[in-house]
Amino acid sequence: MSESRAFCPRCGDSIEGSADSVEEPAASPSAERGSSADDDRAGTAGASAPADAGTPVADATTDRTPLCTDCYFEAFVLADAPARIEVAVCAGCGAVERGERWVDVGARDYTDVAVEAVSEALEVHVDAEEFAWGVDPEQVDENTIRMHCGLSAVVRGRPIEEHVTVPVKFSRGTCRRCGRIAGDYYASTVQVRADGRTPTDEEVGRAAEIAREYVADREAAGDRDAFVSKITESADGLDIRVSTTQLGRAIADRIVGQFGGDVSDSETLVTEDEDGDEVYRVSYAVRLPRFRPGDVIEPAADGGEGGPVLVESARGNLKGVRLKTGEPYEADAGDATAPDARRLGRREDGVETTLVAVADDRAVQVLDPETYETKTIARPDYLDPDAETVPVLKSRAGLHVLPAE
Ligand SMILES: [Zn+2]
Ligand SMILES: [Zn+2]
């Protein structure tokens, strides 16, 4: 099958006498490369690991005429490596830039990052089989690691070893996250307000905690876009600025999940981004319920007949217990979280007083905590008739026994 009169185009020797193994040079891959450089084959080249011997490689022997074995190996380069590699490191958080993305190095060493960068940059010759490499990193200075790489492979049945040194230089940069944090960037605001009142210190504190905890969880899960820009307390409540609308929505939902109330959202067009896309900021307005657990209220629905109610839950319909009878109370669906009612006080306003006597099923006698007169008042079913003292609340609606804590 061999051409009897072929000559090596480089040295002019007759190929016939050399070896037949060179009769099939890298002609087919290089020819293919010429026509399909822009399609998938080229696309995979940059990302392929060095062990991938299928990576197309610039080759001195692209000439279709076969070279003699000596000339082939003389021109042979096992792997192309860049003269040096630069890796950007964020001066703020230490993340490294990998392509278009910033990646947290975390517990990994920067040497590992350098190894990875070299591994990605090495372009191994298509003819190499059983390619393997090892590296001996040499820390030159704070920002430079010289990577001494030992490469080996089998090419056309012949074992090949090469050495290549690639300096990896770490340069200071700023990742998108740190840049955004420095620029006070935010994409949504959660406004915490309350219906007909000001949010309490506890609600404000807890809402801020919910925001910080949720964002910290997202960050821990590897979401580099998640951060809290700013939390501000105002006379009306709390404003929480966060980096994405997803965070804003999730935080608002969690606050309502804990305290009840509702959320409404509104979008504002703020600007266009680098690509000319419109950028919206979304505000989530959380309205905490008018009444909260521990409030003692007097619903107006039944003309005040039912008497005061101790609120136990404000999530969904307002729920509580009647202080006159101990019966459960639930606001009508129409009233939902804010039934028409006046607020009489808080459970904490109650004081212990002496239970003088149990009159009958519906009445007890207690000492008025202010005047120390004996008063006959309604007996709720949660009252323990054997107790010496009971908690009572004195309000505009009169004296009532509270459930024991
Ligand atoms: Zn030759
Ligand atoms: Zn950073």
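The values are calculated or read from the model by the stated rules, or taken from the named source; none is laboratory data. Note that the coordinates shown come from a computational prediction; the quantities given were computed from them, not determined experimentally. Because the Cβ atoms are built from the backbone with ideal geometry, glycine has one as well, and the counts that use them run over all protein chains shown.
The table for this structure:
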read-out	value
Residue in region 387-400 that is under 28 Å from R290 (Cβ atoms), not charged (D, E, K, R) and not in a strand (DSSP E or B) present	yes
Any hit, region 272-282, residues being assigned by TED's automatic domain parsing to the domain that holds L367 and free of Cβ contacts under 8 Å to residues at least 24 places away in the same chain	no
Residue check, V140 of a type outside the set (S, T, N, Q) and out of contact with any strand residue (DSSP E or B) (no Cβ under 9 Å at 6 or more places or on another chain)	no
Residue tally, condition in contact (Cβ under 8 Å) with a residue 40 or more places away in the chain, among the basic types (K, R) and outside any strand (DSSP E or B), over region 106-162	1
Selection count where residues are at pLDDT 90 or above and either surrounded by fewer than 20 Cβ atoms within 10 Å (Cβ to Cβ) or part of a strand (DSSP E or B) (or both), scope region 331-353	10
Region 181-230: number of residues that are touching a residue at least 40 places away in the same chain (Cβ under 8 Å) and either of a type in the set (A, V, I, L, M, F, W, C) or part of a helix (DSSP H, G or I) (or both)	13
Residue match in region 81-100 (condition: part of a loop (DSSP other than H, G, I, E, B), closer than 29 Å to H125 by Cα and within 16 Å of ligand 1 (Cβ to nearest atom))	no
Condition met for V311 (hydrophobic (A, V, I, L, M, F, W, C) and without any contact (Cβ under 8 Å) to a residue 24 or more places away in the chain)	yes
Test: residue in region 390-398 that is of a type outside the set (S, T, Y), over 52 Å from the mean Cα position of the chain (by Cα) and surrounded by 13 or more Cβ atoms within 10 Å (Cβ to Cβ)	yes
Test result for R176, among the basic types (K, R) and more than 16 Å from ligand 2 (Cβ to nearest atom)	no
Region 153-185, subset farther than 30 Å from D225 by Cα and within 42 Å of the chain's Cα centre (by Cα), residue farthest from ligand 1 (Cβ to nearest atom)	P167
Pairs where the first residue, in region 75-104, is touching a residue at least 40 places away in the same chain (Cβ under 8 Å) and the second is within 16 Å of ligand 1 (Cβ to nearest atom), C-beta under 6 Å, 6+ apart	A75/A60; A75/T61
